[in-house]
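Colleague: Sending over a structure as structure tokens; questions will come in a sec.
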Amino acid sequence: MKKIIAILAAVATVAATLAFAGCTNNEVIDNNEVVEGEVKEGENAEGDAIEGETEKALTVAEGKLTMATNAYFRPYEFYEGDKIVGIDAEIAEAIAAKLGLELVIEDMEFNSIITAVQSGAVDMGVAGMTVTEERLKSVNFSSSYANGVQSIIVKEGSAIATVDDLCAEGASYKVGVQLATTGDTYSTEDFGEENVVRYSNGNEAVLGLAGGDVDCVIIDNEPAKALVAENEGLVILETAYADEDYAICVAKENTELLEKINAAIDELTQDGTIDAIIATYIK
Ligand code: ARG
């Protein structure tokens, strides 16, 4: 049987510490040796008010917390009319409230989220995003707020009855995934580039399955359940493909925002808010 990958919790603190090593661009104020954290916001080393440009703003748009997502991922993010709702939207809203900021949600291709975070177009990515070693090279992750499992969707009566059938030596099935997700990465590793068909989102992957372009779809379990409920003739295999942790990604250099998000997640976990949000969407 081929490799089944389990992803471990993020080592957010280590990542945050490492991020400092690459930190550049600290403007030198007055006495030539200002170090991040020693000077209060809006003051120089002597405590005099200075121009705002020496302090990096916490978020890209003042007073707002801008989140990138891919809103085709029920129940984490999806459209209700023209509004994006779901577990991630509500958790992000609660974090924004704790930080005294207004939440702004930007919907984009899943594949664009990390770049948007890295380039400073948005403050954070909240998209049922799995913490992976590879992604930790580009962004930092908050503490995890939920768990996910990669599941396998097949047509009723499929020859693929278990994950072992799919992974069996000599088996050659076409696997549908959402582009750049962990389902994509794992499948490519396990089944080879030539057997993986990448779609813009889970709905399209499921249409590919219904139309016979692929033999199964590998996607996170809760979106899988929603897709199976919305489409006739599909089932989820009982054996899962991989376990994962979801977290919020933030630009490497924005450790201040990461710390604030982590503190908010901590409080929202302690007081039961996150569990309550998850429970409204996952019964
Ligand atoms: N958990 C998977 C990953 O991180 C899939 C996430 C897809 N999210 C979305 N909003 N479409 O790769």
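The values are calculated or read from the model by the stated rules, or taken from the named source; none is laboratory data. The model shown is predicted, which means the values in this text are computed figures rather than measured ones. Methodologically, a virtual Cβ is constructed for each residue, glycine included, from the backbone with ideal geometry; neighbour enumeration extends over all protein chains shown. Ligands, DNA and RNA are stripped out before the accessible areas are found, and what is left, the full protein with its side chains, is counted by its heavy atoms. Shrake-Rupley method; radii C 1.70, N 1.55, O 1.52, S 1.80 Å.
Colleague: Looking at the range 96-106, which of the residues that are open to solvent by 10 Å² or more (accessible area, probe 1.4 Å) and within 21 Å of SER144 (Cβ to Cβ) is nearest to the ligand (Cβ to nearest atom)?
Modeller: Among residues in the range 96-106 that are open to solvent by 10 Å² or more (accessible area, probe 1.4 Å) and within 21 Å of SER144 (Cβ to Cβ), the one nearest to the ligand (Cβ to nearest atom) is ILE105.
Colleague: In the range 57-95, which residues are assigned to a strand (DSSP E or B), under 26 Å from GLU204 (Cα atoms) and away from the ligand (no atom under 15 Å from the Cβ)?
Modeller: GLU80, LYS83
Colleague: Quick one: would you say VAL117 is among the hydrophobic types (A, V, I, L, M, F, W, C), touching a Cys at 6+ places or on another chain (Cβ under 8 Å) and over 30 Å from THR239 (Cβ atoms)?
Modeller: Criteria met by VAL117.
Colleague: What about ALA263, is it over 21 Å from ASP220 (Cβ atoms), outside any loop (DSSP other than H, G, I, E, B), open to solvent by 20 Å² or more (accessible area, probe 1.4 Å) and among the hydrophobic types (A, V, I, L, M, F, W, C)?
Modeller: So ALA263 passes the test.
Colleague: Name the pairs: first residue in the range 118-140 and within 14 Å of LYS252 (Cα to Cα) and touching a residue at least 12 places away in the same chain (Cβ under 8 Å), second residue β-branched (Val, Ile, Thr) and within 9 Å of the ligand (Cβ to nearest atom), Cβ to Cβ under 7 Å, at least 6 apart or on different chains?
Modeller: What qualifies is GLY125/ILE113.
Colleague: Moving on to the next point. May I ask you to list the residues in the range 162-211 that are open to solvent by 40 Å² or more (accessible area, probe 1.4 Å), within 16 Å of the ligand (Cβ to nearest atom) and assigned to a helix (DSSP H, G or I)?
Modeller: THR185, GLU189, ASN203, GLU204, LEU207 - these are the residues of the range 162-211 that are open to solvent by 40 Å² or more (accessible area, probe 1.4 Å), within 16 Å of the ligand (Cβ to nearest atom) and assigned to a helix (DSSP H, G or I).
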